[in-house]
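Undergrad: Starting off with a structure, shown below.
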Amino acid sequence: MNARSVRHVIESVPTSDGAGVKLRRSLGSGPFARLDPFLMLDEFYSDNPDDYLAGFPSHPHRGFETVTYMLDGRMEHKDHLGNTGDLGPGSVQWMTAGRGVIHSEMPRQSEGRMRGFQLWINLPAREKMKPADYRDIPSGDVPELAFDGGIARIIAGTLDMAGQRVDGAVNGTGDSMSTDPLYIDLRLDPGSKTTIAVKSGHNSFVYLYEGDAVIGDQLLQRRNAGVLDGGDQVTVQAGDQGARLLLLAGKPLDEPVVQYGPFVMNTREEIEQALSDYQEGRLTEPA
Ligand code: FE2
């Protein structure tokens with residue numbers, strides 16, 4: 001077994017998106033702060049409604065997938081396909097923009113805490129123009145594994161830990177996605193330590209959102225992403241306060257990435273096509 005260590009740290013930076021929602025962006029904070037196939041990771045966390053009430057009014061996407069994972073609060077999703085999603089605490093929304101989605105994500109609360117993550121996962125060239133797809137996964141359908149020293153929620157992929165294997169809500173055994181994503185939300189008690197298998201050859205990172213933790217000899221602090229080097233497993237040890245973190249891994253696509261806001265394609269021409277399709281109302285039309 002070959003343990004992965006932290007190759008470098010991407011600190012999150014405060015920014016805003018949508019109609020002014022305040023958030024912290026780690027991956028995706030610049031064109032070099034990506035980790036193929038992951039394009040972006042945002043954490044939104046606020047007790048102040050002024051930070052989130054404006055929400056994300058109607059906007060397009062093309063060429064990749066967005067995964068929203070809620071910890072606290074409630075958002076409502078609506079899209080051009082007529083899907084309506086109620087995103088409550090612990091739930092996941094897995095949206096494949098493919099050729100095009102036009103949707104809104106608006107708060108369904110006017111006070112209290114709003115907290116969660118949005119991850120963008122790229123699609124390979126051959127899938128960028130596939131039909132849009134949308135999956136709403138209520139909290140109760142996200143598999144969990146309680147173990148000595150913590151608990152893991154398995155959003156995507158298969159958790160392989162201490163001889164136990166648990167399929168996630170998406171992309172488990174029998175399900176397959178080109179990027180083969182692993183997405184685990186891990187909570188560790190103070191001082192506890194665990195080792196999780198990560199497929200060798202896949203790119204992987206962790207995002208620490210509470211407490212602190214050590215991977216290899218690197219202390220990872222809150223709101224930082226630690227990009228891992230190669231290996232087939234990762235060992236995380238929580239600090240005195242315990243730790244909560246996301247563990248992500250995926251198969252790299254090794255394709256050129258050209259991004260213009262919510263459109264992520266392989267070439268400039270395809271971006272220009274996306275813009276004109278959107279302006280002419282053809283973004284979401286079947287090919
Ligand atoms: Fe969106």
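The values are calculated or read from the model by the stated rules, or taken from the named source; none is laboratory data. Values in this document were obtained by computation on a predicted structure and should not be read as measured data. Methodologically, a virtual Cβ is constructed for each residue, glycine included, from the backbone with ideal geometry; neighbour enumeration extends over all protein chains shown. When the accessible area is computed, the model is the full protein with side chains, heavy atoms only, and any ligands, DNA or RNA have been set aside. Shrake-Rupley method; radii C 1.70, N 1.55, O 1.52, S 1.80 Å.
Undergrad: State, to one decimal in nm, how far the label point of Ser178 lies from the label point of Ser200, with both points 7 Å from Cα in the Cβ direction.
TA: Result for the modelled spin labels: 2.6 nm.
Undergrad: So, one more: Using unit Cβ charges (K, R positive; D, E negative) and no other charged atoms, how large, in debye to the nearest 20, is the dipole of the chain about its Cα centre?
TA: That gives the chain a dipole magnitude of about 220 debye.
Undergrad: So for region 121-238, averaging the separation of alpha carbon pairs under 8 Å that are six or more residues apart and normalising by length, what relative contact order in percent results?
TA: 21 percent
Undergrad: Tell me, rounded to the nearest percent, the portion of alpha carbon pairs in the chain spaced more than 31 Å apart.
TA: 23 percent
Undergrad: Distance in nm between label sites at Gln109 and Ser5, each 7 Å beyond Cα in the beta-carbon direction?
TA: 4.1 nm
Undergrad: Also: With every protein chain present, what is the per residue accessible area of the chain (1.4 Å probe, Å²)?
TA: So the chain comes to 43 Å² accessible per residue, rounded to a whole number.
Undergrad: Now a separate question. With no solvent and one equal point scatterer per Cα, compute the Debye intensity ratio I(q)/I(0) for region 166-259 at 0.17 Å⁻¹ and report its log10, rounded to two decimals.
TA: -0.76
Undergrad: In sequence order, what are the phi-derived ³J(HN,Hα) couplings for region 88-96 according to the Karplus relation 6.51 cos²θ - 1.76 cosθ + 1.60 with θ = phi - 60°, rounded to whole Hz, with x for glycine and proline?
TA: For region 88-96, the Karplus-derived couplings read x, x, x, 8, 10, 10, 10, 10, 9 Hz, x marking Gly and Pro.
Undergrad: Moving to a separate point now. With no solvent and one point on each alpha carbon, what is the Debye value of log10 I(q)/I(0) for region 215-287 at q = 0.21, 0.27, 0.28 Å⁻¹?
TA: -0.95, -1.29, -1.34
Undergrad: Output the Cα-based Rg and Dmax of region 30-116 in Å, rounding Rg to one decimal and Dmax to a whole number.
TA: Rg then Dmax for region 30-116, in Å: 13.4, 37.
Undergrad: Figure the gain on full extension for Glu285 and Asp240 (residue separation times 0.36 nm, minus the Cα-Cα span) and round it to one decimal in nm.
TA: Computed gain between Glu285 and Asp240 is 10.9 nm.
Undergrad: Taking all protein chains as present, what is the carbon and sulfur share of the accessible area of region 55-115, in % to the nearest whole number, probe 1.4 Å?
TA: 45 percent
Undergrad: Here is a further query. Using helices alone, I'd like the mean residue ellipticity at 222 nm for the chain: each DSSP H run of four-plus residues gives -39500 (n - 2.57), total over residue count, nearest 500.
TA: Calculated at 222 nm, the ellipticity per residue is -1500 deg cm²/dmol.
Undergrad: At what distance in nm do the modelled label points of Val257 and Asp148 sit from each other, each positioned 7 Å from its Cα along Cα→Cβ?
TA: Between Val257 and Asp148, the label points sit 4.0 nm apart.
Undergrad: I would also like to ask the following. Please compute the length gained on full extension between Thr267 and Arg126, using 0.36 nm multiplied by the number of residues separating them and subtracting their Cα-Cα distance.
TA: Between Thr267 and Arg126, full extension yields an extra 49.4 nm.
Undergrad: If I take R0 = 35 Å and measure r between the Cβ atoms of Gln164 and Leu275 in this structure, what FRET efficiency does the formula 1/(1 + (r/R0)^6) give, to the nearest 0.05?
TA: Approximately 0.15, to the nearest 0.05.
Undergrad: First check a/c for region 43-200, with a ≥ b ≥ c the square roots of the eigenvalues of its C-alpha gyration tensor; if it is under 1.5, answer rounded, and if not, answer prolate when a/b is larger than b/c or oblate otherwise.
TA: Since a/c reaches 1.5 but b/c is at least a/b, the shape of region 43-200 is classed as oblate.
Undergrad: Shifting gears a bit: Along the charge dipole of region 152-213, pointing to its positive end and built from +1/-1 on Cβ of Lys, Arg, Asp and Glu, which listed residue (Gly201, Ser178, Gly168) has its Cα farthest out?
TA: Gly201
Undergrad: Of the accessible area of region 132-213, with the probe set at 1.4 angstrom, what percent is carbon plus sulfur?
TA: 43 percent
Undergrad: Nothing charged except the Cβ atoms of Lys and Arg (+1) and of Asp and Glu (-1): what's the magnitude of the dipole of region 207-287 about its Cα centre? Round to the nearest 20 debye.
TA: In total the dipole reaches around 320 debye.
Undergrad: Could I ask something else about it? Sort region 109-156 into rounded, prolate or oblate with this rule: let a ≥ b ≥ c be the square roots of the eigenvalues of the Cα gyration tensor; rounded if a/c is under 1.5, and if a/c is not under 1.5, prolate when a/b is larger than b/c, oblate otherwise.
TA: Because a/c hits 1.5 or more and a/b fails to exceed b/c, region 109-156 counts as oblate.
Undergrad: Another question, if that's okay. Limiting things to C-alpha atoms, what are the Rg and the maximum Cα-Cα separation (Dmax) for region 121-279, in angstroms?
TA: Rg and Dmax of region 121-279, Cα atoms, are 17.6, 54 Å.
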